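Heads up, the thing below is written out as structure tokens.
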Amino acid sequence: MAKIGFSNVRKSYGPTEVIHGVDAEIADGELIVIVGPSGCGKSTLLRMVAGLETITAGEIRIGDRVVNDLEPRERDIAMVFQNYALYPHMSVFDNMAYGLKIAGVPKAEIAERVAQAAKMLELEPYLDRKPRQLSGGQRQRVAMGRAIVRKPSVFLFDEPLSNLDAKLRVQMRVEIKTLQRRLGVTSLYVTHDQVEAMTMADRIIVMNGGNAEQVGTPLAVYHKPATVFVGGFIGSPPMNFLQAARLQASGLLRKVAEVGGAAGALNTVGVRPEHLAFCSEGEAVLSGKLMIAEALGAETLAHVELDDGERMIVRIEGGREVPAAGARVHLSCTSEHLHYFGADGKRLPD
Amino acid sequence: MSGMVEKRGLGIWLTHLGLIIGIAIICFPIYMAFVASTVTQPEIARPPMPLIPGPHLIDNYTAALTRGVNSPVLLMLFNSSVMALGITIGKIVISIISAYAIVYFRFPFRMAFFWMIFLTLMLPVEVRIVPTYEVVAGFGMLNSYTGLILPLVASATATFLFRQFFLTVPDELIEAARVDGAGPVRFFLDILLPMSRTNIAALFVILFIYGWNQYLWPLLITTKPEMNTIVMGIKQMFPSGDDIANWPVIMATTLLAMLPPVAVVIFMQGLFVKGLVESEK
């Protein structure tokens, strides 16, 4: 069990800097999800913790040790890869035992630890099989088993569920979370799927373009996104954004002195789809045409094109009646549900 | 496609007839050699040549194996086996190690070395045979197994084949091994080598036959009959001038020379085909 610390961690490939100084502290036993679009540097950051990428500048600590110059095997970590990276010629047992064998653990203890992990992961009937004889979900478990038997102080997960089908993904999500709780091992989990991030994380690190834009609990990130990017990335469907100037006449904006492009001035307003509602023309803040309504059963997502051509998504409960496609609709919202961002994309103080 | 599979009637007979004629054309000389190895010398010399096997099979083969013409065939078979196995194993070991170095290690002039190895593809033994002979003779390796094997061991083809295979091995595998604590040697022995076994088997078959069929090189550097390999030894059995060739023994030797490569192909066929068509992921 260990804490992980990042201080001003940077990574460059030649002259190109891909991670621009990440600072974060991860508590013992926490499950941290690093989420971001592809190319944001999240996998690179994880691989730097694993020791598979060098650290250009800054410092990564695991426990009390600075691990910058340590080999992966000296860092007391275990990693689960996106494509599982099982050794194809070894049985499930040998796959799980390989790390222990190299570490010189006595045979009897290896057998016991593998048996324990296999039981935990319901892999007992498959110990003699080769990876190619297993389904995707089972391979995923073997990869987890290989990590568990080593009893590391940190688990690293690199998009472990993205090769599974949707149903299995939901199931494995819960299993990984449960298992991590039970073992209490500090974990870093990289994904591009914000639903995984929201459901699994104790805290989320949202990355964009090599920066950690926000570190916080899932609900904090959802309710108080630190930047326009975070607001648009976390939450499905994403937050709607409007130029603040458009709402100036509505009287909804509060406590903001200045609207415009200057630093510190209010520039963009965000509102979650569930905080918009259809209303009569008299109460309307915004008006436009309903393009399409996606009925998902529990909820309906209405795509509205405003008069100036901007698109908004409105989420309404499934039972409610929805205007016909092409109809003119009016939207309202309340001021406490608005998020205020400056011209630099950063959240303004409430 | 389905039309080809479902063809019935006259067509199928014609195609089979074609195949049978083809096989007969290939097999007839071998059959002739077999017949010739079972009769006596005068019977072969007198036209027409016999087409039915004679009664001297055991005599002729015993004579070939134990006495031969210049040296016993048994000895030549042994020499050929040593050379073929030496070339095969040497080539596989050296090329898999150099491919490992080229694919997995960053060292200065890595690509330059790769292209240098690759260039040797354009210089087969026959092209560099005179300077190679000079070197081998200078080392005093004429009439030795080392001299037979060493100049043929370096192999660009095998290095290239292993390199292509290693490039298909996912990077995550080596990373998983690193996290598991395996160093470069362990990764090579525990993971890469077992994964390459079908490739190794395929190469073994190809290279064994290549080594077994070497003709010009052994002809050049072995002057003593007891160092003759079988493929060149057959040529040495032909008499010079007006001597009478002992055709039954020569034909018996020819057939004996075919057996080891055939055996290797038959026994390793399964792995061989697997190695050429599928890669295990």
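Below are the figures for this structure:
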| item | result |
| --- | --- |
| One residue from A:VAL114, A:VAL67, A:VAL92 being closer than 24 Å to B:PRO184 by Cβ and either surrounded by 18 or more Cβ atoms within 10 Å (Cβ to Cβ) or not small (Gly, Ala, Ser) (or both) | A:VAL67 |
| Residues being within 14 Å of chain A (Cβ to nearest Cβ) and part of a loop (DSSP other than H, G, I, E, B) - total across the range B:147-172 | 2 |
| Members of the range A:331-350 that are surrounded by fewer than 18 Cβ atoms within 10 Å (Cβ to Cβ) and farther than 20 Å from A:GLU213 by Cα | A:SER332, A:THR334, A:SER335, A:GLU336, A:HIS337 |
| Selection from the range A:160-173 of residues that are without any contact (Cβ under 8 Å) to a residue 24 or more places away in the chain and surrounded by fewer than 14 Cβ atoms within 10 Å (Cβ to Cβ) | A:ALA166, A:LYS167 |
| Identity of the residue in the range B:173-207, under 15 Å from A:ALA147 (Cα atoms) and touching a residue at least 12 places away in the same chain (Cβ under 8 Å), that ends up farthest from the other protein chains (Cβ to nearest Cβ) | B:ALA177 |
| Any hit, the range A:142-149, residues being touching a residue at least 60 places away in the same chain (Cβ under 8 Å), on the phi > 0 side of the Ramachandran plot and either touching a Pro at 6+ places or on another chain (Cβ under 6 Å) or in the same structural domain as A:VAL170 (by TED's automatic domain parsing) (or both) | no |
| Total residues in the range A:306-324, condition more than 20 Å from A:ASN240 (Cα to Cα) and charged (D, E, K, R) | 2 |
| Wholly within the range A:20-106, strands (runs of 3 or more DSSP E) carrying at least 2 residues that are within 11 Å of chain B (Cβ to nearest Cβ) | A:77-80 |
| Qualifying residue in the range A:133-153 (condition: closer than 23 Å to A:VAL49 by Cβ, outside any helix (DSSP H, G or I) and within 13 Å of chain B (Cβ to nearest Cβ)) | yes |
| Test: residue in the range B:214-225 that is under 29 Å from B:THR40 (Cα atoms), more than 21 Å from the chain's Cα centre (by Cα), surrounded by fewer than 20 Cβ atoms within 10 Å (Cβ to Cβ) and not hydroxyl-bearing (Ser, Thr, Tyr) | yes |
| Extreme residue, nearest to the other protein chains (Cβ to nearest Cβ), among residues of the range B:208-241 that are assigned to a helix (DSSP H, G or I) and among the small types (Gly, Ala, Ser) | B:GLY211 |
| Unmet criterion (only one of (1) at pLDDT 85 or above; (2) not in a helix (DSSP H, G or I)) for B:PHE78 | (2) |
| Conditions (1) in a loop (DSSP other than H, G, I, E, B); (2) hydrophobic (A, V, I, L, M, F, W, C); (3) touching a Pro at 6+ places or on another chain (Cβ under 7 Å): number failed by B:LEU65 | (1) |
| Residues (touching a Lys or Arg at 6+ places or on another chain (Cβ under 8 Å) and in a loop (DSSP other than H, G, I, E, B)) located in the range A:211-245 | A:THR217, A:LYS224, A:PRO225, A:ALA226, A:GLY235, A:PRO237, A:MET239 |
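Condition check ((1) hydrophobic (A, V, I, L, M, F, W, C); (2) modelled with pLDDT under 90; (3) under 30 Å from A:GLY99 (Cα atoms)) across all residues:
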{"position": "B:MET122", "(1), (2), (3)": "yes, yes, no"}
{"position": "B:ILE129", "(1), (2), (3)": "yes, yes, no"}
{"position": "B:VAL135", "(1), (2), (3)": "yes, no, no"}
{"position": "B:PHE139", "(1), (2), (3)": "yes, no, no"}
{"position": "B:THR146", "(1), (2), (3)": "no, no, no"}
{"position": "B:ALA158", "(1), (2), (3)": "yes, yes, no"}
{"position": "B:ARG163", "(1), (2), (3)": "no, no, yes"}
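The values are calculated or read from the model by the stated rules, or taken from the named source; none is laboratory data. These figures come from a predicted structure and were not determined experimentally. Because the Cβ atoms are built from the backbone with ideal geometry, glycine has one as well, and the counts that use them run over all protein chains shown.
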